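To start, the structure itself, in structure tokens.
Quick note: the coordinates plus some simple rules give every number you see, no bench work behind them. Since this is a predicted model, take the numbers as computed values, not measurements. Cβ: placed from backbone, ideal geometry, glycine included. Neighbour counts: every protein chain shown.
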Amino acid sequence: MAAKGTSNADIAVAQGCHVATVAKWRGRWLAGGIDALLDEPRVGRPREIDDDKVEQIIVDTLQCAPPDEATHWSTRSMARHAKVSQTFVSRVRQAFGLKPHLLDSTRGSCPPTRRGLYLNPSERAVVLCVDEKSQT
């Protein structure tokens with residue numbers, strides 16, 4: 001639009017942004033061409049936790065068996081496991097839409113304590129399996 005001579009104000013209205021935003025990006029284009037439009041580092045404190053740690057939290061949440069006697073990874077148990085804060089685990093889960101308490105697939109292998117229940121049940125043990133499937 002700028003190449004066609006459209007003003008910054010008209011571009012801002014057409015794109016639904018502020019005039020200052022158009023002026024900023026137009027100035028960056030004039031100063032350095034297409035390479036100047038790449039994302040610049042953000043202001044504020046730099047990240048202390050890298051992408052590998054985020055990936056570990058996602059993979060472990062989706063694929064690894066939860067800790068003993070748990071049905072899923074809580075934010076606290078995952079934070080201890082990954083050696084990060086509970087808040088960070090919550091942010092990762094929210095960003096990627098992870099809800100481990102709603103997962104419907106089996107993850108990893110059962111810990112030995114659970115396996116023992118099925119291999120060597122006590123005399124009065126009752127084992128129930130409930131499968132929730134919709135009829136749609």
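Observations, loosely collected:
- Any hit, the range 36-59, residues being on the phi < 0 side of the Ramachandran plot, in contact with a Lys or Arg (Cβ under 9 Å, 6 or more places away or on another chain) and of a type in the set (S, T, N, Q): no
- Test: residue in the range 90-98 that is under 14 Å from the mean Cα position of the chain (by Cα), exposed (fewer than 11 other Cβ atoms within 10 Å of the Cβ), under 30 Å from residue 12 (Cβ atoms) and free of Cβ contacts under 8 Å to residues at least 24 places away in the same chain: yes
Yes/no matrix, rows are residues, columns are (1) of a type outside the set (S, T, N, Q); (2) touching a strand residue (DSSP E or B) at 6+ places or on another chain (Cβ under 8 Å); (3) over 20 Å from residue 102 (Cβ atoms); (4) assigned to a loop (DSSP other than H, G, I, E, B):
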{"site": "5", "(1), (2), (3), (4)": "yes, no, yes, yes"}
{"site": "9", "(1), (2), (3), (4)": "yes, no, yes, no"}
{"site": "27", "(1), (2), (3), (4)": "yes, no, yes, no"}
{"site": "39", "(1), (2), (3), (4)": "yes, no, yes, yes"}
{"site": "48", "(1), (2), (3), (4)": "yes, no, yes, yes"}
{"site": "57", "(1), (2), (3), (4)": "yes, no, no, no"}
{"site": "61", "(1), (2), (3), (4)": "no, no, no, no"}
{"site": "68", "(1), (2), (3), (4)": "yes, no, yes, yes"}
{"site": "88", "(1), (2), (3), (4)": "yes, no, yes, no"}
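- In the range 9-60, residue farthest from residue 72 (Cα to Cα) [restricted to those that are within 20 Å of the chain's Cα centre (by Cα) and surrounded by 11 or more Cβ atoms within 10 Å (Cβ to Cβ)]: 49
- Scan of the range 8-22 for residues that are touching a helix residue (DSSP H, G or I) at 6+ places or on another chain (Cβ under 9 Å), over 19 Å from residue 33 (Cα atoms) and of a type in the set (Gly, Ala, Ser), ordered by number: 9, 12
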